[in-house]
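Here's the structure, in structure tokens; my notes come after.
The values are calculated or read from the model by the stated rules, or taken from the named source; none is laboratory data. Bear in mind the structure is a predicted one, so any value in this text is a computation, not a measurement. Every residue, glycine as well, gets a Cβ built from its backbone with ideal geometry; the counts of neighbours run over all protein chains shown. Quick note on the areas: whole protein, heavy atoms, side chains included, nothing else; ligands and nucleic acids left out. Shrake-Rupley method; radii C 1.70, N 1.55, O 1.52, S 1.80 Å.
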Amino acid sequence: MDHAALKQTATAMVAPGQGILAMDESNPTCGKRLQAVGVENTEPNRVTYRDLLLGTPGLGDYISGAILYDETIRQKNPEGRAFTELMQEQGIIPGIKVDTGAKDLALHPGEKVTEGLDGLRERLEEYRGFGARFCKWRAVITIDMEKGLPGRGCIEANAHALARYAALCQEAGLVPIVEPEVLLDGGHSIEDSFAITRETQHTVFEQLYRQNIFFEGMVLKPSMVLSGKENAKQASVQEVAERTLECLQQTVPAAVPGIAFLSGGQSDEQATQHLNTMNRLAAELALPWRLTFSYARALQHQALTTWKGDPARVEAARKALLHRAKLNSLASKGEYRDEMERQEAA
Ligand code: 5MM
């Protein structure tokens, strides 16, 4: 294992003012996003949409890496250029989602475990050949306080799988993004979210340690500590930022170079505000890691709803994507202000 190379890639992924574009929607999820704007879920339409994203001039100013789906890393844009080539031209590091999805966890009603370890060593070799330099695996933890969820069985199974995945990545010279997502859905309080996120992250890092993970060569992609979507009492931006940082300080080793949050169904503006406030607090707290974004919905939403499948709207959609990427880049430095929402993309 080349520690120096892993550390160099992980550090580049969380470079100051840069974050990660998650565009690794599996075909069914991509279909949901496309159908929501009236576009049919066909391979040519997925290519057109991914070309809209990756062909955005200037994207590399704010985006360090993009996470692709298995189909996308093999595809070429309508001009016949590989998507990985478009990325490299802008200095965007190619990444790949390697899990095969969250499946029902046997004998644990209402809980999921992420699969994809079988044959992973061989798949990683193939993805490296396509130019991938980092990977992503997402575990999903559901909160349902009335049913006593999540149980330890679910947290441990997912943490173990994340650690096995991360070890295979590092063995192959690929940086693992470790994504334990505690879902926003439900009526739970922010206190419940804090307790469960903390327990999950503790368990994940214990398992990463057991599997000999080189912490300097990984990136954590956590959910923020938020009130459940259906809870009448929604925590303020300040409280979310404080509780999220408190949780991370208790669970994440200082050797990890960066934390790139997922947006998890927050609105675009909320996701940016939370990241910005955390970065403002980070300066006072002298945190050891960079705090940035690895958003899918909160980066793509405005571009998708501007485009709606209309070729004449591609330029406007790219402008919307670039603007959102720029605002999140500013938030990753604590330099975002609400009034910037109304300013046009440069
Ligand atoms: C792009 O969405 C990814 C999951 O896709 P599938 O469910 O189709 O596998 C997801 O892992 C995503 O990368 C992260 O959850 C971050 O996305 P959000 O929208 O939460 O920022």
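Taking every C-alpha pair closer than 8 Å and separated by at least 6 residues, the mean separation divided by the residue count of the chain gives a relative contact order of 18 percent.
Using a probe of 1.4 angstrom, how much of the accessible area of the stretch 20-106 is carbon and sulfur, in percent? Display every interim value, and only then the final one.
Details: 1610 of 3380 Å².
Taking all protein chains in place, the stretch 20-106 shows 48 percent carbon and sulfur surface.
In this structure, the pairs whose alpha-carbon distance is over 19 Å, taken from LYS136/LYS319; LYS147/LYS221; LYS76/LYS221; LYS103/LYS229; LYS147/LYS229, are LYS136/LYS319; LYS147/LYS221; LYS76/LYS221; LYS103/LYS229.
About its Cα centre, the chain has a charge dipole of approximately 420 debye under the convention of +1 per Lys or Arg Cβ and -1 per Asp or Glu Cβ, with nothing else charged.
Test of understanding: what is the full-extension gain from GLU146 to ASP61, defined as 0.36 nm times their sequence separation minus their Cα-Cα distance? Write down the numbers at each step before the final one.
Values: separation 85, 0.36 × 85 = 30.60 nm, distance 4.57 nm.
That pair, GLU146 and ASP61, stretches by 26.0 nm at full extension.
Is the chain rounded, prolate or oblate when judged by the Cα gyration tensor, a ≥ b ≥ c being the square roots of its eigenvalues, rounded requiring a/c under 1.5 and prolate requiring a/b larger than b/c? Can you show the working numbers first?
Working: a/c = 1.34, a/b = 1.16, b/c = 1.15.
Rounded shape, in that the Cα axes give a/c under 1.5.
For the stretch 76-185, the residue among LEU184, LEU124, THR142 whose Cα projects farthest onto the positive side of the dipole built from Cβ charges is LEU124. Per residue, the accessible area of the chain comes to 41 Å² when a 1.4 Å probe rolls over the protein heavy atoms. The relative contact order of the stretch 70-139 comes to 34 percent, based on Cα pairs under 8 Å that sit 6 or more residues apart.
Stretched out fully, how many nm does the piece from HIS202 to GLU79 gain, at 0.36 nm a residue minus the Cα gap?
Answer, rounded to one decimal: 39.6 nm.
Which length gain, in nm to one decimal place, applies between ARG313 and GLU126 when the Cα-Cα distance is subtracted from 0.36 nm times their residue separation? Walk me through the intermediate numbers first.
Details: separation 187, 0.36 × 187 = 67.32 nm, distance 3.55 nm.
In short, 63.8 nm is gained.
The loop-placed GluC sites (Glu not before Pro) in the stretch 38-146, going by DSSP, that have at most 15 neighbouring Cβ atoms within 10 Å of their Cβ come out as GLU40, GLU79, GLU115.
With +1 on each Lys and Arg Cβ and -1 on each Asp and Glu Cβ, and nothing else charged, work out how big the dipole of the stretch 235-299 is about its Cα centre, in Debye to the nearest 20. Each step should come with its number before you reach the end.
Details: 4 positive and 6 negative charges, 39 e Å.
Approximately 180 debye in magnitude.
Adding -39500 (n - 2.57) for every DSSP H run of four residues or longer, then dividing by how many residues the chain holds, sets the calculated 222 nm ellipticity at -14500 deg cm²/dmol. Protection proxy ranking, highest mean first, for peptides 227-233, 329-335, 15-21: 15-21, 329-335, 227-233, where packing is the per-residue count of other beta-carbon atoms within 10 Å, averaged.
For the stretch 42-102, the relative contact order comes to 38 percent (Cα pairs under 8 Å, sequence separation of at least 6).
In a simple Cβ point-charge model (Lys, Arg +1; Asp, Glu -1; nothing else charged), the stretch 1-43 has a dipole of about 180 debye relative to its Cα centre. Place a point 7 Å from the Cα of GLU269 along the Cα-to-Cβ direction; which residues of the stretch 311-346 have their backbone N under 12 Å from it? Within reach of a label on GLU269, which here means backbone N under 12 Å from a point 7 Å along Cα→Cβ, the stretch 311-346 contributes 338-343.
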